[in-house]
Amino acid sequence: MDLNWIPTCCNGCGGQTGILAGVKDGEVVKIKPNPENPIGVALTWEEFLEQKERGARVCLKGVHAPRQWSDPERLTRPLLRKGPRGSGQWQPLSWEEALELLAEKLVGLSRQYGPESLLWFCEDHSFIHIQEEFCRAYGTPNFLNHTNICDAGRRAGFSRVLGIERPLAHLSRARVILLLGWNPLEAVKWMYLPRALEQALAAGARLYVADPVRSKTASQGTWLPIRPGMDGALALALCHILVRDEKYQRQLVEHYAEGWEEFRAYLLDKTPAWAAELTGLSVEQIEELAAELAAAAPQVVVDAWCGVSHYSNGMEATRAVACLNVLLGNIDRPGGLIWPERFKLTGRPPHPDWPLIQSPAVDGRGEVYPFAHKSGSYVAAREAILSGQPYQPRGAVVVFQNLLLSLPNVEKTAAALKKLDFLAVCDVYLSETAALADLVLPGTHFYERYDLTVNWTAFPSLSLRQPVVPPREGIWPEYDWILALARRLGLPGFELSYEEYLDWQVRNTCGLSLAELKARPGAVYNQGPTRYEKWRQHPFPTRSGRIELGCDWQPPLKQPNEGFPLHLVNWKVYQHTHSRSQNNPALLAAYGNNPLWLHPLTAAELGLADGDRVRVESEYGQVECDLFITDGIHPRVVGLAHGFGHWELGSRARGRGAAVNRLLAGEAEAATGQAVLKESRVRIKKI
Ligand SMILES: Nc1nc2c(c(=O)[nH]1)N[C@H]1C(S)=C(S)[C@@H](COP(=O)(O)OP(=O)(O)OC[C@H]3O[C@@H](n4cnc5c(=O)[nH]c(N)nc54)[C@H](O)[C@@H]3O)O[C@H]1N2
Ligand SMILES: Nc1nc2c(c(=O)[nH]1)N[C@H]1C(S)=C(S)[C@@H](COP(=O)(O)OP(=O)(O)OC[C@H]3O[C@@H](n4cnc5c(=O)[nH]c(N)nc54)[C@H](O)[C@@H]3O)O[C@H]1N2
Ligand code: SF4
Ligand SMILES: [Mo]
């Protein structure tokens, strides 16, 4: 078939993989990887140049995204609620009417309660600058984005030690790899990762994966079935052994770090026996791991993602992992943890006529949560709606977020959203969150709009998402209605069209114009080389300018008890993205339900068999699911994939599987406000 191949970036998840969209007669027929974009190729400049001839990769969700674009169940026009919230009665509106209503509501909120009574929630990549600027011009400090339900705890843990929010694991060149609560072969954050791990293994690297579940990544190496929430103990015991045996790498510790003596003292009682008791791993396993890491250092990676940071002790556990990497001497070294150099994407400079925002944010960022990410805290904002403290939020705009299924404790989220005077939601589908709105705005599919992406690679790289087809009839790109709303409200600084705005951003980021970026191969601008050991020239971006060693780890708050004797964990599956992909028929055919995983020994104890229907109960809610008996899970742990249990979104998504967030307490991690998304205890009963 004669297709027109247009370079753009996938947004099936936050990975932003470079793709070429094959378009014919206004239809996205097929997609293939874009080898000019490093995300599907390699982390470092040298490997990117060497490997792009071999092609790039996309994942299954990216391959099947055209099915979501063409889904007849997508929203195509603004909807106004009729009848009670959530009753499912809607009246279609024109965009003119919808924007008039939205403008009237926002003016009303601001006049009656002050602009800070408006909360704005959005995703963390897509057209977020313009949304943040809208909030600044309107006068609310309550701009929040989803980083704080994603990796805010991880960022804070690494940042406190290294000043670097997101060091990147150089897996391909590592000789020993220890992954804690990270499953990059399924929850593929960046499409270069699976290839990098394959390369490391082919070159003889040893892989250890600590996870209560034998994930696909764990099955490629030595699985360490750790007790949930105990990763910090493992990392600290590894530090203890390195110090005890004087096997740590000295250069960074002795010449670039603060807090060494205190940290050393802190480690004294973090013995392998102490960690074995907590983690359920053996002293021998821990000693072996330390010896392997020490022997291969500094060409080693220890990295931790959501399986560690989605706990009440997640920030401190990540901090322990960061300190361990320092002792292994791998910071910004080949085969270690790389300090990424990236382009800095900024919106326009602040507008002189925007108001000075006096009110503090409602979610305690920087105060109650001293190490909060600038994305705020959704969980704390939800608490503020429910409690009216420190002040009462009255309205919310939610763009590209499904708060009902993504936040821990579904009931609480529903109660909070129902309490608002006004809720507007912009989504591709009538999601669970949209279903509770007063006003629903149809969102674009990512084939239908622009965006700029600063890539998570070890060299500056900027890529363009561009419309490969026009928005479906009746849909406005999100940025266009945000600009139109700002103009309607008379807010200064929103005169440019979005293309002009983007042109400004591209020029200020890399010096090219938007047209020049579009014309580049793959619509990408890469600037090598990768530079290592940048700490030789530059201070670490911490307060002291040095590495700051230190940790204050405790076991997680929620331990199983008599009433709720099992841990419940959850994870992402390869075939789906969070709660957004479950109406895609091709992905449902690949993975259509999320059974509860249970170990055969525990099943025998409880008299349960594979395929049984069970009720899972926590202190906060209950769900029903089918059992999947497997020895790929720790015997004291049960687990569910995240993203299922829809009661809205679309006819194919509805009624499949269980929503794990119904079972979670809905707390925030104490230092960062990060949502605690994996720590839970339950009991199960046959029904
Ligand atoms: N297919 C797919 N890919 C994705 C996404 C997606 O939705 N779908 N989302 C993207 C996003 S936004 C992110 S942030 C990344 C996240 O990527 P990951 O962090 O890899 O994602 P998760 O599956 O949430 O968690 C990883 C592992 O932690 C384990 N785990 C749970 N509790 C514990 C524990 O106490 N200790 C340890 N050691 N492990 C534990 C889980 O069993 C799981 O295997 O994935 C990205 N990639
Ligand atoms: N229990 C538990 N909860 C978790 C996690 C977990 O591992 N366990 N993972 C957490 C993590 S890491 C993350 S990042 C968050 C993600 O949480 P969210 O950011 O809320 O992501 P989704 O759940 O996919 O919801 C996105 C919504 O946006 C809509 N949408 C998709 N594309 C577009 C678009 O282009 N335009 C518009 N306007 N709308 C669009 C979708 O239909 C969907 O309703 O979830 C967190 N929640
Ligand atoms: S990982 Fe898959 S879904 Fe996510 S951006 Fe890349 S290709 Fe798209
Ligand atoms: Mo995430």
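The values are calculated or read from the model by the stated rules, or taken from the named source; none is laboratory data. Values in this document were obtained by computation on a predicted structure and should not be read as measured data. In this analysis, Cβ positions are derived from the backbone assuming ideal geometry, glycine residues included, and neighbour counts consider all displayed protein chains. Heavy atoms of the whole protein, side chains included, go into the accessibility calculation; ligands, DNA and RNA do not. Shrake-Rupley method; radii C 1.70, N 1.55, O 1.52, S 1.80 Å.
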Quiz item: If the limit is 18 Å between Cα atoms, which of Lys61/Lys518; Lys30/Lys61; Lys247/Lys270 go over it?
Solution: Lys61/Lys518
Practice problem: Report the semi-axes of the equivalent ellipsoid for the stretch 187-327 in whole Å, largest first, where each axis is √(5λ) for an eigenvalue λ of the Cα gyration tensor. | Solution: 24, 18, 15
Practice problem: On the protein heavy atoms, probe 1.4 angstrom, tell me the percent of accessible surface of the stretch 47-123 carried by carbon and sulfur. | Solution: 47
Self-check item: Over the stretch 1-128, relative contact order from alpha-carbon pairs under 8 Å, at least 6 apart, %
Solution: 13
Self-check item: Estimated translational D of the stretch 243-284 in µm²/s (Stokes, Kirkwood radius over Cα pairs; 4 °C; 1.567 mPa s)
Solution: 109
Practice problem: Taking every Cα atom in the stretch 178-248, find the radius of gyration and the maximum pairwise distance Dmax, and write them in Å. | Solution: 13.5, 39
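Give me Rg/Rg_expected for the stretch 518-659, where Rg uses Cα atoms only and Rg_expected = 2.2 N^0.38 Å with N residues.
Normalised Cα radius of gyration, the stretch 518-659: 1.56.
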Quiz item: What part of the accessible area of the stretch 265-332, given as a whole %, is carbon or sulfur when the probe is 1.4 angstrom?
Solution: 59
Quiz item: Can you give the net charge of the other residues whose Cβ lies under 10 Å from the Cβ of Tyr532, counting K and R as +1 and D and E as -1?
Solution: +2
Practice problem: Counting helices only, and only those DSSP H runs with n ≥ 4, report the 222 nm mean residue ellipticity of the chain as the sum of -39,500 (n - 2.57) divided by its residues, in deg cm²/dmol to the nearest 500. | Solution: -8500 deg cm²/dmol
Quiz item: Looking only at the stretch 145-188, which residues have a backbone nitrogen under 18 Å from a spot 7 Å from the Cα of Asp245 in the C-beta direction?
Solution: 175-179
Quiz item: Of all accessible surface on the stretch 536-609 at a 1.4 Å probe, what whole percent is carbon and sulfur?
Solution: 55
Quiz item: If you stretched the chain out fully between Glu473 and Glu516, how much longer would it get, using 0.36 nm times the residue separation minus the C-alpha to C-alpha distance?
Solution: 12.6 nm
Quiz item: What list of ³J(HN,Hα) values in whole Hz, one per residue of the stretch 89-106 in order, does the Karplus curve 6.51 cos²θ - 1.76 cosθ + 1.60 (θ = phi - 60°) give from phi, with Gly and Pro shown as x?
Solution: 9, 10, 10, x, 10, 7, 4, 4, 5, 5, 5, 4, 5, 4, 4, 4, 5, 5
Quiz item: Using the alpha-carbon atoms, what tilt in degrees (0 to 90, nearest 10) does helix 410-419 show relative to the longest principal axis of the chain?
Solution: 30
Exercise. Put one equal scatterer on each alpha carbon of the stretch 1-106, apply the Debye formula with no solvent term, and list log10 I(q)/I(0) at q = 0.09, 0.23, 0.24 1/Å to two decimals.
Key: -0.42, -1.14, -1.20
Quiz prompt | Whichever aspartates and glutamates have a C-alpha closer than 15 Å to that of Lys24, once near sequence neighbours (fewer than 8 apart) are set aside | solution = Asp2, Glu448
Quiz item: On full extension of the chain, what length is gained from Tyr391 through Glu254, given 0.36 nm per residue of separation minus the C-alpha to C-alpha distance?
Solution: 44.5 nm
Practice problem: Could I get the Rg over Rh figure for the stretch 21-64? Both from C-alpha atoms, Rh via Kirkwood, rounded to two places. | Solution: 1.09
Quiz item: By a straight-distance test (C-alpha under 25 Å), which lysines pair with Lys686 as possible cross-link partners, with residues fewer than eight away in the same chain excluded?
Solution: Lys558, Lys678
Quiz item: In nm, to one decimal, how far is the modelled label at His351 from the one at Lys418, with both set 7 Å along Cα→Cβ?
Solution: 3.8
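For the chain, what does the accessible surface come to per residue with a 1.4 Å probe? Please give it in Å².
35
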Self-check item: Kirkwood Rh and Cα Rg combined as Rg over Rh, evaluated for the stretch 102-199
Solution: 1.17
Quiz prompt | Separation of the Lys534 and Ala202 label points, Cα + 7 Å toward Cβ, nm | solution = 2.9
Practice problem: With everything on Cα atoms, drop me the angle between helix 498-510 and the longest principal axis of the chain, reported from 0 to 90° to the nearest 10. | Solution: 30
Quiz item: What do you get for Rg/Rh of the chain when both radii come from the Cα atoms and Rh is the Kirkwood radius?
Solution: 0.95
Quiz prompt | Cα-based reach from Lys105 at 29 Å (exclusive), listing lysines while leaving out same-chain residues under 8 positions away | solution = Lys82, Lys374, Lys412, Lys418, Lys419
Self-check item: Potential lengthening between Glu27 and Gln91 on full extension [0.36 nm per residue; Cα-Cα distance subtracted]
Solution: 20.1 nm
Self-check item: Nearest-0.05 FRET efficiency for Arg342 and Ser219, computed from C-beta distance (R0 30 Å)
Solution: 0.40
Exercise. Using Cα centres only, tell me the gap between the stretch 444-501 and the stretch 670-687 in whole Å.
Key: 36
Exercise. Please report the relative contact order for the stretch 178-305, taking Cα pairs under 8 Å with a sequence separation of at least 6, and give it as a percent rounded to a whole number.
Key: 29
Practice problem: Quote the relative contact order of the chain in percent (integer), defining contacts as alpha-carbon pairs under 8 Å separated by 6+ residues. | Solution: 19
Exercise. Mind pulling the angle between the C-alpha long axis of helix 152-162 and the longest principal axis of the chain? Nearest 10 degrees, somewhere in 0 to 90.
Key: 50
